[in-house]
Amino acid sequence: MVQQNLQQLLDAKGDIVDFLRNQQTGPNVYPGVPGEYSNWRAEQIAWAKTCVLFNQCYHMVDLAVEGPDAFAMLNHLGINSFKGFVPSRAKQFVPVTPDGYVVGDVILFYLDENSFNLVGRAPTIEWVEYHAASGDWNVKVSRDERTAVRPDPENRRNYRFQLQGPNAMKTLEKAMGKTPPDLAFFHMARIQIAGKEVRALRHGMAGQPGYELFGPWVDGEAVRQALIQAGQEFGLTLVGGRTYSSNTLESGWIPSPLPAIYTGEALRPYREWLSANSYEGKASIGGSYVPESIDGYYLTPWDLGYGQFIKFDHEFIGREALERKAKQPQRRKVTLALDTESVVRTMSSMLQKGDRAKYMDFPSAVYSMHPYDAVLVDGKTVGLSTWIGYSANEGRILALAMMEGEYAEPGTQVSLLWGEPDGGTRKPTVEPHVQTEIRATVSPVPFSEVARDNYADSWRNRQS
């Protein structure tokens, strides 16, 4: 029997944990750009020392939401407050399930009156699409699919670039031929580059100052070339797909919460609406953490550092559950700085016959769409690591994690359990290996001192 929707697919598979852990998909891909333009070390260093141009035209989904009820519907779906939210602003938009677990997160652009755009991974996009289709809202939604799964990869609605780094403003000023607008974080303005009108969002991805620039697809190459030319004297470096996924290690954003929609009768209609070929039907989970049920992978806003986004000033899906959870102890997001000697021991096992640890790739060591590794103290799981890789700027292997309160203080010594049990799952990115513990020190998030000084306050204001 061919499963037409996600619920039918899950019913056929039975054990959802086993199904997603052995899914035949690796980590998310970044199509449309080379893996490296120069080399990933130089590309990482450039966002800290000069400036970089991220090309985000291909790997994210865009959803236009328009109509008289667009504001009200989005307000009903997000944990964020919409008080004071006006056109030419943006925010990190976070919806949760009725049980208070995160569906995903995207950037929500308030373009004009009754006109919004959501940009990011598919789970949040699909959640909004479903409620637009099933609810009594006077809205229209239009999805612009990511390149990897669309039949016309070179015909998207918008281009999207990120200009980041200490010299980003100098580059933008030269490309514009005038001083860029002095925007507050997550505020937008219209500017001119190469004779094209460009929307500029004050943003930061690698913990550095910069802008997100977007506009009609047909204008993209002209704007891109103008930025490249303007940035030549300021050390502008193009960033490839291999490097792109590692920038979050320094800034501290966790990009990979598993959408918490696989269980619960309240969400059955949603799973029946989702295609078996949806993101959720293709998602893969990797790592050493293996709970008894899929619910063990679900995350709260506090796990992801989004606790400050929650505002009980409006009615939204999951409000009652979050009000209850707010009274309970919460895990805290941290960075784990992996011990260099322990990492070298782990990697050196590749240079021998016999038992080897799981291969650790550079700069991103993620090998599934949703990585979950156990963090241990004296053999007890006290946290979860959800992203891992190497920072050339810090000279360390870093992991983003969420820890139980008593183990979340900087300086706490823990171990990351690296590798999957029983020799590994059947994912194509997993070779036979043995698990090993890697010592680590709980550290601040963001890990980068520059990011903490220049970015953390802005991050806290993303909901505004």
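Coordinate-derived values only; no laboratory data. Note that this is a predicted model, so its numbers are computed, not measured. Counting neighbours? That spans all protein chains shown, and the Cβs are built from the backbone with ideal geometry, glycine included.
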- Please work out the FRET efficiency for the pair residue 426 and residue 173, using the Cβ-Cβ distance as r and a Förster radius of 56 Å; give the result to the nearest 0.05. 0.60
- Item | Residue order, fewest to most surrounding Cβ atoms within 10 angstrom, among 178, 13 | 178, 13
- Calculated from DSSP helices alone, with each H run of at least 4 adding -39500 (n - 2.57) and the total divided by the residues of the chain, [θ]222 nm to the nearest 500 comes to -6000 deg cm²/dmol
- Item | Loop-located GluC sites (Glu not before Pro) in region 132-194, at most 15 other Cβ atoms within 10 Å (DSSP) | 154
- Query: Length gain on complete extension for the stretch residue 228 to residue 347, per 0.36 nm per residue less the alpha carbon to alpha carbon distance?
  - Reply: 39.1 nm
- Message: Taking a ≥ b ≥ c as the square roots of the Cα gyration tensor eigenvalues, with a/c under 1.5 meaning rounded and otherwise prolate when a/b beats b/c, else oblate, which class fits region 17-111?
- Response: oblate
- Query: Which of the peptides 368-376, 133-141 is most tightly packed, and how do the rest follow, judged by the mean count of other Cβ atoms within 10 Å per residue?
  - Reply: 368-376, 133-141
- Item | Loop GluC sites (Glu not before Pro), region 184-292, which have at most 11 other Cβ atoms in a 10 Å radius of their Cβ (DSSP) | 292
- Note, region 392-397: 3J(HN,Hα) by Karplus (6.51, -1.76, 1.60, θ = phi - 60°), whole Hz, Gly/Pro = x, goes 5, 5, 9, x, 9, 7
- Task: Pop out the ³J(HN,Hα) list for region 243-250 in order, Karplus 6.51 cos²θ - 1.76 cosθ + 1.60 with θ = phi - 60°, rounded to Hz; leave Gly and Pro as x.
- Result: 7, 3, 6, 8, 5, 5, 4, 8
- Note on the structure: For the table 358/380; 140/196; 311/358; 91/170; 91/327, the rows whose alpha-carbon distance is greater than 32 Å are 311/358
- With θ set to phi - 60° and the Karplus curve 6.51 cos²θ - 1.76 cosθ + 1.60, what are the ³J(HN,Hα) couplings of region 408-420 in order, to the nearest whole Hz, using x for Gly and Pro? 9, 6, x, x, 5, 8, 9, 10, 9, 7, 9, x, 9
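Between residue 182 and residue 42, what FRET efficiency follows from the Cβ-Cβ distance if R0 is 35 Å, with the result rounded to 0.05?
Plugging the Cβ-Cβ distance into 1/(1 + (r/R0)^6) gives 0.70.
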- Query: Once amide H atoms are built 1.01 Å from N in the peptide plane, which residues 5 or more positions from residue 60, or in another chain, come under 5 Å H to H?
  - Reply: 147
- Task: Determine the principal axes of the Cα atoms in the chain, then give the extent along each, sorted from largest to smallest and rounded to whole angstroms.
- Result: 61, 54, 45
- Query: How large is Rg/Rh for region 61-145, to two decimals, with Cα atoms and a Kirkwood Rh?
  - Reply: 0.91
